[in-house]
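For reference, the structure is listed below as structure tokens.
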Amino acid sequence: MARTVKTIVLTGNGTNCEMEMAHACRLAGSDVVDIVHISELLCGGKRLGDYHFLNLPGGFLDGDDLGSAKAGANRFIHATIRGSREKLYGQLVDFIRDGKLILGVCNGFQLMIKLGLLPALGGDYATQTVTLTFNDSGRFEDRWVYLKTNEDSPCVFTRGLRGMYLPVRHGEGKIVTDNPDVLKRLRAGNQIVMQYSDETCEKAVMEYPLNPNGSVDAVAGICDESGRIFGLMPHPEAYLHYTNHPRWTRENLPEDGAGLSLFRNAVDFIKNVF
Amino acid sequence: MAHRIEVGFRQGVRDVLGEKTARKIVEHLGIDVAGVETIEVYTIEGNLTGDELTAAAGGPLSDPIIQEYAVDRPLAAGFDWLIEVGFRPGVTDNVGKTAREAIGLLLGRHGAVQVYTSRQYAVKGDIGRDGAERIASGLLANELIQRYEIIGRDEWDSARGVAPYIPRVIIDDNPSSEEIDLAVSDEELQAISNSRVLALTVDEIKIIREYLRTESVLRGRETVGLGSQITDAELECLAQTWSEHCKHKIFNSLITYEDEQGKTELIDSLFSSCIKKATKKIRKVLGDDDWCLSVFVDNAGIIRFNDKYNLVFKVETHNSPSALDPYGGALTGIVGVNRDPFGTGKGSKLIFNTDVFCFASPFHDAPLPPRILHPRRIYDGVREGVEHGGNKSGIPTVNGCLVFDERYLGKPLVYCGTGGIMPARIQGEPTHSKKIIPGDVIIMTGGRIGKDGIHGATFSSEELHEGSPVTAVQIGDPITQKKMTDFLLIARDKNLYRAITDNGAGGLSSSVGEMATLCGGCDIDLKKAPLKYAGLQPWEILISEAQERMSLAVPPEKCEVFLALAAKMDVEATILGTFTDSGIFHVRYGEKTVAYLDMQFLHEGLPKMRLFARWTPPRHEEPDFPEPEDLGRALKEMLGRLNICSKESVVRQYDHEVQGGSAIKPLVGAANDGPSDAAVIRPILDTFEGVVVANGICPRYSDIDTYHMAACAIDEAVRNAVAVGGSLDRLAGIDNFCWCDPVESDKNPDGLYKLAQLVRANRALYDYTTAYGVPCISGKDSMKNDYIIGGTKISIPPTLLFSTMGKIADVRKAVTMDAKRPGDLVYVLGETCEELGGSEWFALHGFIGNTVPKVNAQRAKKLYRALSRAIDSRLVASCHDCSDGGLGIALAEVAFAGGFGMDIALSDVPREGITRDDYLLFSESQSRFVVTISPQAKEAFEEIMAGHTCACIGTVTSEGIFRIAGMSGKAIVEQSIGSLKEAWQKTLDF
């Protein structure tokens, strides 16, 4: 059992949800939670390998100027650690190889997709096979959505969870693939972890605005085959307390927000495995 | 050698931007197009091999799943008209900058290329060249900042496509300092002011001329090689510092005010005698409990949040630039106001934005005067600019509103407000004040300096006219700013600098000039300033308003660490000089002095303006329309009015939840679509202490009396805060006056009246802020919101935005406006009088009237305190303020937001002098709320409300029908809540 769970929340270049994501990790019981600016990694001051749990928060990496997280992915792939030939990407590959956890939300999910970290079919973490593109509505929207979770998914983060209500806040959240085979394999491997759904959280839907972006198969979040790497468009870190819920003044809600359970599962997993 | 990389969507992939563009062409321009496809173009300057170009195109510049790319050949095909839109030279190209960095990183060669972006719109449809021209100039390109090319199918070279175009800035790099002879005639002085956009009057230039004749001044100048003539840098610097925008000359002027009886009195500075004086009085009453920490002296006001943290707040406007380029103007407005709280005290982390826009109707269908953009284009552009500025900065937009009046056609008002939070102490030192010690190093961080934003301060100190400079328009870059603020917050917490301020209006001349007053002088070298491109004159470097820059005072021993941290975090930081106690604002370009001005003269040399005001109360026609037969239909018509209807489509496009502390959102209720009165956030996630943010604005009342307009705006901002659970205990205000020119002149013959309107609004501000104990902690004014071109003059209605920010002890006690349960009792708090002057109901019938709503602050204050007690005791299920459209609108909103019906008896509504049901429904009397409570809470609630105007007027019902019985008992409204909501939602559903 891991004596101390160490979490890194990566920020910089336009990331903006690091504070609440770190808060979620702390509430979930992580002993160490460091918000680390990417420049700290690039100058060698911090290393990914020192942590168990990597959080890639939402935001607008480089303004999403070349498409969401495109320039951010380019940096991750090509940037080297100062004073060495070591690539930052190498640290990421090692992190995955060591069986550690990665959670990407919104822009963090976009980054993972564009890096090829997800869905990583056949364990190929370097080839992009799906993408996240502009919502069918053509606009950025902030709205809460119902989510159906896949109980058969290997995803570590959603173990024991059935349904969820979280906000989306994005303009590029529509999952698209150019290869029907990819979708088949995602379904078969239960890598589709979360889908936009109706209010029962049981029936995936394509209709706007329940499905806020027109994502294929109503996909909201996917994991890799191991279930340890998970990305989603909705923001679990935005629902940590009942006062975050849009209708908390009219509904009886538990003290903790539903989003917290994803982080709890992650921390529990690390405690048990490491 | 220049190359073009084009990126488009693959066959079969939806191009939503193209679809949206096609829709806009049809809706905005009425041109029928069959379809639009978009192609992103990267024009790349630099020595790249074919393989490298392909690596860039297939790497960071395109998405392998949905896009295709072409290098040095066109992608477009099968169109009728191709429109390519790119930037003009020198305009900020954020995407180009990101692409340049990405390619540099990809190739391992930093700075290997320059990248310029443009976008192609391949249009299908039989629209003719004329149609293509109209689409390009009327929708796709703003010719002030963009250029476009139109190519027809017949002239298309499908092998070569569009030739690369490089919008590089090419200026002779010949920096020099010019001397200007002021010993000339008045006409020539005026010409100097006009041609340089100085916005200085002849009298003001004469003060400068006199200064330069002072012997001691001349002796000082001699020591640095300057003579008796003013340099261009000095004149420009004085013009910035003395501009209305920076100096608030009108608010500080000596005013002779004559009232309607002909009695005159002398007012020495409205700012001192009304605004500052009110705050001083309130702080005195607070005594030891004074929670104001810094008022009026810094970029924003500061109040205490708790023992550990302070709150910071500022609201600004960015009207003139938004009139010319709505997107860039508004984007710059929001990222600009962000830097105010960021540059206050030791600097604060930004925690919320609040925006208020005033536009003409987006459905305007009359011909437009020259240089005016269609209000729909302004609406879309401003909305998008603030979306990009706010969302990309990671600051939640928690609250705001849209106000419509045809007179905002000449100049839209774009109010952007930002709040921040700072630790109360850093390394034991308080953070709310600023100190600079001579010898501290002047460092500029963030973006580089270009010609963008030159003369922004002086340009906005004039009306919009033919010669309004296009360089005043610029495009903000939220990511460069975010990188800078990420860095500076770390530097702040390591205590690496002594003071910070932002570079806004007036550029370095203002930022360094104002900081230098803290120590008594400065010495800067403009040659060290990083430039976007060569060729800027020293005076241009000094006053450029290029965005995303902060100036700092760094102790010499901390410079190295400060600069190293900046380099590590990839933020540019440059030493420009040192702060001194020489008493001189000393500016050099290399060794050569280009400005040498006494600090005293620069900041205090301008004598007060003397102005005259005469109040003549207007009389408007009294309305005479019969009470409508069908008040249900009237209610729906009112719900659909621009100033009342749902703004959901705008609100949803702003991230209102980032940072994780959202407690009361802008949209609330059973379907998350009811109109919230105010926002509540938790800026520190491990406490339930919260911040409430609200606004009040009611320019229509200015047509009758600005005194009551201001009183109502203040009351609205206060009662909105109270409605969600805020209290009068710790509520601070920000005043933001947007006026039409109140200085009488040939082109402004009713200046006396407009200045009297300003005086009256300020008196109300004094009366009501002191009555409520809500001190203004900062504010802003924008005094020239007129449009004068040719024979057309359009002046905005005098507009005061009053914004409030307060502390809420426990966000878990906050309430929302939606009815919660069937069977709950509906109360109205406050009295309804026949106060329909300036109301939406009268406006619907084409009248203004005269009975403007008046605020009884003493009575309201007691009511607000009682309501706060009731909310604190958790007796209130819902609470909604009555504002535009009055009680009828508020009741309907409470009902449909809750998803329930209501049975209401107007006969039970506390009222005075009202005999018509429509007046009772739509009067806009202030200080009223609609409250619902559970029947179990009745006794306790009524006990707290005893002695206040408060009555139970009905119940919440389960069946979804909204029923009102008139004063006689007769049913006057019976509508399904679905139909009411639909009427409310459909107007701005785009």
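The values are calculated or read from the model by the stated rules, or taken from the named source; none is laboratory data. It should be emphasised that the depicted structure is a prediction, and the values quoted were computed from it without experimental measurement. Note that we place each Cβ from the backbone using ideal geometry, even for glycine, and neighbour counts take in every protein chain shown. Note: accessible area is taken over every heavy atom of the protein model, side chains too, but ligands, DNA and RNA are not part of it. Shrake-Rupley method; radii C 1.70, N 1.55, O 1.52, S 1.80 Å.
Of the options B:ALA870, B:TYR827, B:PRO910, report the single residue whose Cα projects farthest towards the positive end of the charge dipole of segment B:815-990 (beta-carbon charges: Lys, Arg +1; Asp, Glu -1). Farthest towards the positive pole: B:ALA870. Note on segment A:90-228: along the principal axes its Cα atoms extend 39, 32, 26 Å, ordered by decreasing extent.
Taking every alpha-carbon pair under 8 Å whose residues sit at least 6 apart, segment B:182-278 reaches a relative contact order of 17 percent.
Using a probe of 1.4 Å on the protein chains alone, the accessible area found for A:LYS148 is around 60 Å².
Averaged over the residues of peptide B:387-397, the number of Cβ atoms from other protein chains lying within 10 Å of each residue's Cβ is 4. Each Lys and Arg contributes +1 and each Asp and Glu -1, all at the Cβ; summed about the Cα centre of chain B, the dipole is approximately 2380 debye.
State log₁₀ I(q)/I(0) for the protein assembly as shown at q = 0.05, 0.07, 0.09 Å⁻¹ as given by the Debye formula over alpha-carbon point scatterers of equal weight, solvent excluded. Ignoring solvent entirely, the Cα scatterers give -0.34, -0.70, -1.20. Look at the stretch A:232-245: the mean tally of other chain Cβ atoms within 10 Å of its residues' Cβ atoms is 4.
Our note on the geometry: Cα centres of segment B:1-52 and segment B:831-860, 52 Å apart.
Taking a ≥ b ≥ c as the square roots of the eigenvalues of the Cα gyration tensor of segment B:1-78, is the shape rounded (a/c under 1.5), prolate (a/b larger than b/c) or oblate? Prolate is the answer for segment B:1-78, as a/c is 1.5 or above and a/b outweighs b/c.
Scanning residues 5 or more positions from B:GLY420 or on other chains, those with amide H under 5 Å from its amide H are B:VAL312, B:PHE313, B:ILE351, with H placed 1.01 Å from N in the peptide plane.
Computed over segment B:892-969, the percent of Cα pairs more than 14 Å apart is 67. According to a simple spin-label model (label point 7 Å from Cα along Cα-to-Cβ), what is the distance in nm between A:MET206 and B:GLU939? So the label points at B:GLU939 and A:MET206 sit 5.9 nm apart.
Under a model in which nothing but the beta-carbon of Lys, Arg (+1) and Asp, Glu (-1) is charged, the protein assembly as shown shows a dipole of about 3100 debye around its Cα centre. Overall shape: oblate for segment A:1-59, with the ratio a/c of the largest to smallest alpha carbon gyration tensor axis at 1.5 or above and b/c at least equal to a/b.
For chain B, the relative contact order comes to 11 percent (Cα pairs under 8 Å, sequence separation of at least 6). Dividing the radius of gyration of the alpha carbons in chain B by their Kirkwood radius gives 0.97 for Rg/Rh.
Taking 0.36 nm per residue of sequence separation and removing the Cα-Cα distance, the B:ASP624/B:GLU429 pair yields an extension gain of 63.7 nm. Return the carbon/sulfur percentage of the accessible area of the protein assembly as shown, one whole number, probe 1.4 Å, all protein chains in place. About 48 percent, which is the carbon plus sulfur part of the accessible surface.
Among A:ARG139, A:ARG247, A:ARG169, the residue with the largest mean-square fluctuation in a Gaussian network model of chain A, with springs joining Cα atoms closer than 10 Å, is A:ARG247.
Taking every alpha-carbon pair in segment B:815-990 and binning the separations at 10 Å intervals from zero gives 10, 39, 37, 13, 1 percent.
Between B:SER228 and B:GLN600, take the C-beta separation as r, use R0 = 22 Å, and let me know the FRET efficiency to the nearest 0.05. Once the sixth-power term is evaluated, E becomes 0.70. Inter-chain Cβ neighbour count for B:5-14, averaged per residue, equals 2 (cutoff 10 Å, partner chain atoms only). Accessible surface ranking for B:SER62, B:SER582, B:SER958, 1.4 angstrom probe, highest first: B:SER958, B:SER582, B:SER62. The percentage of C-alpha pairs in segment A:52-107 whose separation is greater than 17 Å is 48%.
Per the Kirkwood formula applied to alpha carbons, segment B:2-155 shows a radius of gyration over Rh ratio, Rg over Rh, of 0.99. Here the ratio of the Cα radius of gyration of segment B:752-907 to 2.2 N^0.38 Å is 1.29. Backbone geometry of segment B:948-957 corresponds, through the Karplus equation with coefficients 6.51, -1.76 and 1.60 at θ = phi - 60°, to 3J(HN,Hα) couplings of 10, 6, 7, 8, 7, 10, x, 9, 7, 10 Hz, x marking Gly and Pro. Taking every DSSP helix (H) stretch of at least 4 residues in chain B, weighting each as -39,500 (n - 2.57) and dividing the sum by the residue count yields a mean residue ellipticity at 222 nm of -9000 deg cm²/dmol.
Solvent exposure of A:HIS37, expressed as accessible area, is near 20 Å², computed with a probe of 1.4 Å over the protein chains only. In segment B:734-838, inverting the average of 1/r over every pair of distinct C-alpha atoms gives 17.8 Å as the Kirkwood radius. The distance linking segment B:700-752 with segment B:217-250 is 35 Å (Cα centroid to Cα centroid, whole angstrom).
The heavy atoms of B:LYS124 offer some 90 square angstrom of accessible surface to a 1.4 angstrom probe. The local environment of A:ALA218, defined by Cβ-Cβ distances under 11 Å, has a net charge of 0 under the rule Lys, Arg +1 and Asp, Glu -1.
By the equivalent-ellipsoid construction on the alpha carbon gyration tensor, segment B:663-733 comes out with semi-axes of 27, 16, 8 Å, ordered largest to smallest. Summing Cβ point charges (Lys, Arg +1; Asp, Glu -1) relative to the Cα centre of segment B:815-990 gives a dipole of roughly 440 debye.
Projecting the Cα atoms of B:ALA141, B:PRO607, B:VAL718 onto the dipole axis of the protein assembly as shown, where Lys and Arg carry +1 and Asp and Glu carry -1 at the beta carbon, places B:VAL718 farthest toward the positive end. Between A:ALA238, A:ALA24, A:PRO254, whose Cα lies farthest towards the positive end of the dipole of segment A:6-273 when Lys and Arg beta carbons carry +1 and Asp and Glu beta carbons carry -1, centred on the Cα centre? It is A:ALA24. Overall, the anisotropy analysis places segment A:179-274 in the oblate class: the square-rooted eigenvalues a ≥ b ≥ c of its C-alpha gyration tensor yield a/c not less than 1.5, with a/b not exceeding b/c. Please state, as a whole number in µm²/s, the translational diffusion coefficient that the Stokes-Einstein equation yields for segment A:6-273 at 4 °C and 1.567 mPa s, with Rh defined as the Kirkwood radius across alpha carbon pairs. Rounded to a whole number, D works out at 71 µm²/s.
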